[in-house]
1. Strictly over 24 Å apart at the Cα level, which of Lys152/Lys215; Lys152/Lys223; Lys105/Lys270; Lys77/Lys105; Lys109/Lys149 would you flag in this model?
2. Work out how much length Glu193 to Arg311 would gain on full extension: take 0.36 nm times their residue separation and subtract the Cα-Cα distance, in nm to one decimal.
3. With a point put 7 Å past each Cα toward its Cβ, work out how far Lys215 is from Lys77 in nm, to one decimal.
4. Return the FRET efficiency for the residue pair Arg137, Arg174: r is the Cβ-Cβ distance, R0 is 22 Å, and the value is rounded to the nearest 0.05.
5. Have a look at the DSSP beta bridges in segment 197-281 and tell me what percent are antiparallel, nearest 5.
6. On average over all directions, what projected area in square nanometres does segment 210-324 have, based on the convex hull of its Cα atoms?
7. Under the 0.36 nm per residue contour assumption, what length would be gained going from the current alpha-carbon distance of Ser322 and Ala84 to full extension?
8. What shape does segment 151-282 take by its C-alpha gyration tensor, where a ≥ b ≥ c are the square roots of the eigenvalues and a/c under 1.5 counts as rounded, a/b above b/c as prolate, and the rest as oblate?
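The numbers here are math on the coordinates, done by the rules we state, and not lab data. Everything numeric in this text was worked out from a predicted model, so none of it was measured. Positions of Cβ are generated from backbone atoms using ideal geometry, with glycine treated the same way; all protein chains shown enter the neighbour counts.
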Amino acid sequence: MAETPRQGSNNSPSQRSHKAPGAEESVFPGEEKDHDPSRRSFLLRMVLMTAGASLLTGGYAWLWEPRRLEIKQVALKLPKFPKAFDGLRVVQFSDAHLGFHTGVKELKKLAATIEEQQPDLICFTGDIVEREAEPMRECIPVLASMQAKYGKFAVLGNHDYRGGQQNEVTTMFREAGFTLLRNEHVVIEQGGERLAIAGLDDALTGRPDPAEAIKGLDHDVWKLLLMHEPDYADIATPYGFGLQLSGHSHGGQVRFPWIGALTTPRGSHKYVQGLYYTDVQGVYYTTQTQMPVYVNRGFGMTQLPIRFLCRPELTVFELKGSTT
């Protein structure tokens with residue numbers, strides 16, 4: 001069943017001023033870890049902590065929901081998508097946060113589930129570790145066991161930079177057979193047609209450069225973008241990407257009926273979970289059909305070891321072309 005799309009709000013990152021790629025100021029201003037330091041966010045955090053304590057008492061949000069992986073099936077019809085790749089199965093996982101209540105045991109179960117989906121592509125959209133790179137080391141064989149017809153690809157998230165460990169994380173991804181994309185792309189071919197998988201550096205702690213990521217690509221090559229922070233979609237759309245896959249938000253990790261996520265980190269205030277369409281003019285899209293951006297709720301947890309009404313997610317896409 002296809003995910004129901006949502007239109008992005010007018011609070012667009014593209015409507016705010018931005019430094020050029022490589023500038024010192026972050027795309028999403030603020031401290032690297034903390035959420036927006038306002039009274040409202042403080043009160044929300046207090047509510048979150050109170051709710052978390054209550055939920056931990058019952059055990060549901062601590063022991064039960066974090067282990068109830070949801071497999072989301074998302075069918076998309078995309079303009080200019082190459083016919084030779086019709087029906088492409090892309091499996092996305094994100095935000096493992098290895099070392100924070102997630103380890104090799106949980107990752108083995110995820111790998112088995114990914115194998116069952118028979119993916120053509122596997123995409124990981126950032127934050128493989130929580131604070132230290134070392135917990136990833138024992139998971140290299142599990143990551144290496146993940147296989148897909150056209151390969152497996154990854155980008156870094158803000159946690160992957162903690163303590164200057166990004167180079168160590170990069171090395172371990174390569175040891176596991178993942179192609180790590182930092183402002184670069186890979187082209188795959190099928191039936192005489194080509195498709196590009198591009199990846200950007202993290203927006204909070206790295207230096208994303210979409211122009212560099214697609215440098216040398218023909219204009220008519222359809223491009224899949226992997227980017228950790230979903231709100232970057234409004235900046236990426238004009239560069240001609242056909243679809244952006246992101247994580248980072250965890251869907252809020254704790255959600256309540258009628259309220260939704262109590263708080264989300266910088267870079268995921270506008271696009272929080274599921275499928276949206278940007279409201280920025282793109283190459284392949286008109287004002288009626290803008291670039292889709294999908295936000296995976298993540299596999300692991302951060303800050304608090306709980307999830308409530310926000311199960312961990314594995315997303316399975318079926319991509320086809322559209323004439324509209």
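1. Over 24 Å apart, Cα to Cα: Lys105/Lys270; Lys77/Lys105.
2. My answer for the length gained is 38.8 nm.
3. 3.8 nm
4. Efficiency at R0 = 22 Å is approximately 0.95.
5. Antiparallel bridges: around 25 percent, rounded to the nearest 5.
6. Computed as one quarter of the Cα hull surface, the answer is 8.2 nm².
7. Full extension from Ser322 to Ala84 adds 84.4 nm.
8. The shape class here is oblate.
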